[in-house]
Amino acid sequence: LSSSRKNVEPSRPRVRLPLSETWERTFEGNVTALAPWFGSDPSSDWSRLLVHHAGAIRAIDPKSGADLWPTPATVGNAAELLIARADVIAVATPHQVIGLDPKSGERRWAFGEPRERIDDPGADWEAASPFRTHTLHNQRLISVREDGRMSSISLSTGLPAWSQVRKPSPVGRVRVMG
């Protein structure tokens with residue numbers, strides 16, 4: 001049957017895909033490959049793979065699989081990548097926005113509730129309103145908390161330019177006009 005199949009079916013060319021597996025990494029426990037909220041922004045830098053594992057961010061060279069930072073950047077749980085640029089990587093947790101140095105992974109700035117206070121079992125969790133959404137506007141990140149507090153944060157320094165409360169609080173993504 002196989003010899004007659006050769007006469008009837010066309011030959012199948014061998015195709016090597018450019019995305020073929022060249023390396024593999026194993027992590028203990030849960031790991032998440034981070035896709036940026038604002039990956040289509042022209043300032044995005046796609047030169048590294050960022051993963052969240054055990055409360056920390058790791059930067060991995062997509063070609064070799066090697067770690068790009070000497071130690072993972074501790075950020076806490078439920079971290080989301082907002083944007084990765086050549087000058088800063090912005091990551092959000094439910095209560096904090098963190099700016100990391102893209103070359104070393106070192107924390108350059110943080111805005112929001114300090115991680116230590118949130119992780120404290122005696123802390124008043126309801127007093128710390130979590131972030132609901134974020135948006136980019138020029139060189140600033142607009143972050144909106146569940147209680148309606150909106151803050152404009154410099155991506156370079158993490159310093160707030162302004163903060164105000166909107167009632168009712170915005171639901172879903174926000175867009176800055178002007």
Open item on the list: If F111 meets every condition in (1) part of a strand (DSSP E or B); (2) open to solvent by 30 Å² or more (accessible area, probe 1.4 Å); (3) touching a Leu at 6+ places or on another chain (Cβ under 7 Å) apart from one, which number is that one?
Closed with: (3)
TODO: Quick one: count up the residues across the range 126-156 that are farther than 21 Å from P42 by Cβ, assigned to a loop (DSSP other than H, G, I, E, B) and not acidic (D, E).
DONE: 4
Open item on the list: For the structure I just gave you, tell me whether V144 is surrounded by 13 or more Cβ atoms within 10 Å (Cβ to Cβ), among the β-branched types (V, I, T) and modelled with pLDDT of 95 or more.
Closed with: no
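Yes or no, residue by residue, for (1) over 12 Å from the mean Cα position of the chain (by Cα); (2) at negative phi; (3) surrounded by fewer than 18 Cβ atoms within 10 Å (Cβ to Cβ):
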{"position": "P42", "(1), (2), (3)": "yes, yes, yes"}
{"position": "D61", "(1), (2), (3)": "yes, yes, yes"}
{"position": "D67", "(1), (2), (3)": "yes, yes, yes"}
{"position": "A86", "(1), (2), (3)": "yes, yes, yes"}
{"position": "A90", "(1), (2), (3)": "no, yes, no"}
{"position": "Q96", "(1), (2), (3)": "yes, yes, no"}
{"position": "D101", "(1), (2), (3)": "yes, yes, yes"}
TODO: Quick one: in the range 13-56, of everything that is touching a Gly at 6+ places or on another chain (Cβ under 6 Å) and modelled with pLDDT under 85, which residue is nearest to I89 (Cα to Cα)?
DONE: R25
Task: Boolean, R132 is open to solvent by 30 Å² or more (accessible area, probe 1.4 Å), modelled with pLDDT of 90 or more and at negative phi - done: no
Open item on the list: One residue is enough: does the range 80-91 have a residue meeting the conditions of a type outside the set (A, V, I, L, M, F, W, C), farther than 23 Å from H137 by Cα and in a strand (DSSP E or B)?
Closed with: no
Task: Odd one out for A78, checked against (1) in contact with a Ser or Thr (Cβ under 8 Å, 6 or more places away or on another chain); (2) among the small types (G, A, S); (3) modelled with pLDDT of 90 or more - done: (3)
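State whether the residues of the range 30-40 include one that is crowded, with 21+ Cβ neighbours inside 10 Å and either over 21 Å from G158 (Cβ atoms) or in contact with a helix residue (DSSP H, G or I) (Cβ under 9 Å, 6 or more places away or on another chain) (or both).
We begin by selecting, within the range 30-40, every residue crowded, with 21+ Cβ neighbours inside 10 Å; these are none.
The answer is no; no qualifying residue exists.
The values are calculated or read from the model by the stated rules, or taken from the named source; none is laboratory data. Keep in mind that this is a model prediction, so the values were computed, not measured. Cβ atoms come from the backbone with ideal geometry, glycine included; neighbour counts cover every protein chain shown. When the accessible area is computed, the model is the full protein with side chains, heavy atoms only, and any ligands, DNA or RNA have been set aside. Shrake-Rupley method; radii C 1.70, N 1.55, O 1.52, S 1.80 Å.
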